[in-house]
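First the structure, in the form of C-alpha cells, and then the observations on it.
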Amino acid sequence: MEQVADAFGHAFRLIASGDAELGGIVTLSLEIAALSTLLSTMLGLPLGAALAIARFPGREVVVGASNALLGMPSVVIGLVVYLALSRAGPLGFLGLLFTPAAMITAQTILITPMIVALARSQLEPAWLEMREPLRSFRVGPARAVTTLLFDCRFMLATIVLAGFGRAISEVGAVMTVGGNIAGVTRVMTTAIALETSKGDLSLALGLGIVLVALVLAVALGAQALNGFAERRHG
C-alpha cells in the first residue's frame, strides 16, 4: 500500500514539475489524436451528411455497414494497416510502418466510421425539417450538404470531440502499427502499458492521470456543446 502511495506522490510530482519525458509523450499523443480526428472529420462529416440526405438502392446496406464498423476491434484495424504497410504489403515501399503516420492512418480508419454513423443519425432528423424549404429554393445536393452541416455545427462538434476522445484513448491499433518506440511513436496509452509491465508505476500513473483528465475534459466539452445545441434548436 505504501508503495502505491509513493507512486501516486511521484506521479503528481512528475506532472507538477513538467517532466520532459512525460511532456513529450503527452504532446505526441495530442498531435497524433488531433490529426487523426481532423482527417476523420473531413471524411466522416460529409459522408454522414450525404447518407442523411441521399436515397438510393442499397442505402440501408451502406448505413448498416457503417454502424457495424463501430464494433470493429481496433487491433484488427491495426493488423490490416500493419499488413498494408509492411515490407511485403502493397504500401511497404512508403516506409511508414512504426512511424506516427502509420498511427494516424490506423486511427483515422478507426474513427471515420464512428463519425459517419453518428453524424448520419443526428443529421437525418434535421434534414427532414430542412428538406422542403431547401427544395423550394432549388438548392443542389452539394449546397444542401453544406447547409445541413453548417446549421448543425454545434451538434456535430460533440461528435468530433467524441472522435478525439476515442483517438486519445486508443491503444490496440497504435501499438500494432507504431511499435511504441521511445521518442518516436510512444503515446500515453502504449507508454502506460509498457511502464506498468516494467514496474515503473510513477510514470504510468502520471500518464494515466493526464489521460483521464483529458478524457473528462473532452466529455464535459461535448456535454456543454450538446446542451447549447439543444437550447439553440429547442
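Considering only the stretch 87-99, state which residues are surrounded by fewer than 16 Cβ atoms within 10 Å (Cβ to Cβ) and at positive phi. Steps first, please.
Initially, the stretch 87-99 is screened for residues surrounded by fewer than 16 Cβ atoms within 10 Å (Cβ to Cβ), giving 87-95.
If the condition is that a residue be surrounded by fewer than 16 Cβ atoms within 10 Å (Cβ to Cβ) and at positive phi, then Gly95 is the only one that fits.
Quick one: is Ala162 out of contact with any Pro (no Cβ under 9 Å at 6 or more places or on another chain), farther than 30 Å from Leu128 by Cβ and modelled with pLDDT of 85 or more? Spell out the reasoning first.
On the way: out of contact with any Pro (no Cβ under 9 Å at 6 or more places or on another chain): yes; farther than 30 Å from Leu128 by Cβ: no; modelled with pLDDT of 85 or more: yes.
No.
Conditions first: (1) of a type outside the set (Val, Ile, Thr); (2) surrounded by fewer than 18 Cβ atoms within 10 Å (Cβ to Cβ); (3) under 14 Å from the mean Cα position of the chain (by Cα); (4) over 30 Å from Leu85 (Cβ atoms). Ala222 passes all but one, so which condition is the exception?
So Ala222 meets the others, but not (2).
Filtering the stretch 105-141 down to residues that are surrounded by 12 or more Cβ atoms within 10 Å (Cβ to Cβ) and basic (Lys, Arg), which residue is modelled with the lowest pLDDT?
Among them, the one singled out is Arg131.
Here are Ala102, Ala144, Ala84: which of them is modelled with pLDDT under 80 and crowded, with 16+ Cβ neighbours inside 10 Å?
Working: Ala102 fails: modelled with pLDDT under 80; Ala84 fails: modelled with pLDDT under 80.
Criteria check complete, one pass: Ala144.
Between residues in the stretch 172-184 that are in contact (Cβ under 8 Å) with a residue 60 or more places away in the chain and residues that are among the hydroxyl-bearing types (Ser, Thr, Tyr) and not in a helix (DSSP H, G or I), which pairs lie under 8 Å by C-beta distance while being six or more apart or on different chains?
Cβ pairs passing all conditions: Val174/Thr185; Gly178/Thr99; Gly178/Thr185; Gly179/Thr185; Val184/Thr99.
Quick one: in the stretch 56-77, which of the residues that are touching a residue at least 60 places away in the same chain (Cβ under 8 Å) and surrounded by 19 or more Cβ atoms within 10 Å (Cβ to Cβ) is nearest to Ser169 (Cα to Cα)?
Ser74
Taking only pairs six or more apart or across chains, which ones have beta-carbon atoms under 7 Å, a first residue in the stretch 123-148 that is under 13 Å from Pro46 (Cα atoms), and a second residue that is part of a loop (DSSP other than H, G, I, E, B) and not basic (Lys, Arg)?
Qualifying pairs under 7 Å: Leu123/Cys152; Thr147/Val139.
Could you check how many residues of the stretch 37-65 are more than 17 Å from Leu123 (Cα to Cα), assigned to a helix (DSSP H, G or I) and more than 15 Å from the chain's Cα centre (by Cα)?
2
If you go through the stretch 66-76 one residue at a time, how many are in a helix (DSSP H, G or I) and over 18 Å from Val187 (Cα atoms)?
Our first condition is that a residue be in a helix (DSSP H, G or I); within the stretch 66-76, this holds for 66-71, 74-76.
When the remaining residues are screened for being over 18 Å from Val187 (Cα atoms), the result is 66-71, 76.
Of the residues in the stretch 66-76, 7 are in a helix (DSSP H, G or I) and over 18 Å from Val187 (Cα atoms).
Among the residues of the stretch 192-203, is any closer than 30 Å to Ala84 by Cβ, modelled with pLDDT of 90 or more and in contact with a helix residue (DSSP H, G or I) (Cβ under 7 Å, 6 or more places away or on another chain)?
yes
Go through (1) closer than 17 Å to Ser74 by Cβ; (2) touching a Gly at 6+ places or on another chain (Cβ under 6 Å) one by one and return the number of the condition Leu211 breaks.
It is condition (2) that Leu211 fails.
Looking at Ala204, is it touching an Asp or Glu at 6+ places or on another chain (Cβ under 6 Å), buried (at least 21 other Cβ atoms within 10 Å of the Cβ) and within 27 Å of Val4 (Cβ to Cβ)?
So Ala204 passes the test.
If the requirement is being closer than 17 Å to Val116 by Cβ, of a type in the set (A, V, I, L, M, F, W, C) and surrounded by 13 or more Cβ atoms within 10 Å (Cβ to Cβ), which of these qualifies: Ile15, Ile53, Ile25? Walk me through it before giving the result.
Working: Ile15 fails: closer than 17 Å to Val116 by Cβ; Ile25 fails: closer than 17 Å to Val116 by Cβ.
Just a single option satisfies the conditions, and that option is Ile53.
Before we move on, is Thr158 in contact (Cβ under 8 Å) with a residue 24 or more places away in the chain, crowded, with 17+ Cβ neighbours inside 10 Å, of a type in the set (Ser, Thr, Tyr) and over 23 Å from Leu70 (Cα atoms)? If you could, list the steps in order and put the result at the bottom.
Working: in contact (Cβ under 8 Å) with a residue 24 or more places away in the chain: yes; crowded, with 17+ Cβ neighbours inside 10 Å: yes; of a type in the set (Ser, Thr, Tyr): yes; over 23 Å from Leu70 (Cα atoms): no.
For Thr158, the condition - in contact (Cβ under 8 Å) with a residue 24 or more places away in the chain, crowded, with 17+ Cβ neighbours inside 10 Å, of a type in the set (Ser, Thr, Tyr) and over 23 Å from Leu70 (Cα atoms) - is not met.
The values are calculated or read from the model by the stated rules, or taken from the named source; none is laboratory data. The structure presented is a predicted model; accordingly, all values stated were derived computationally and were not measured. We place every Cβ from the backbone using ideal geometry, glycine too, and count neighbours over all the protein chains shown.
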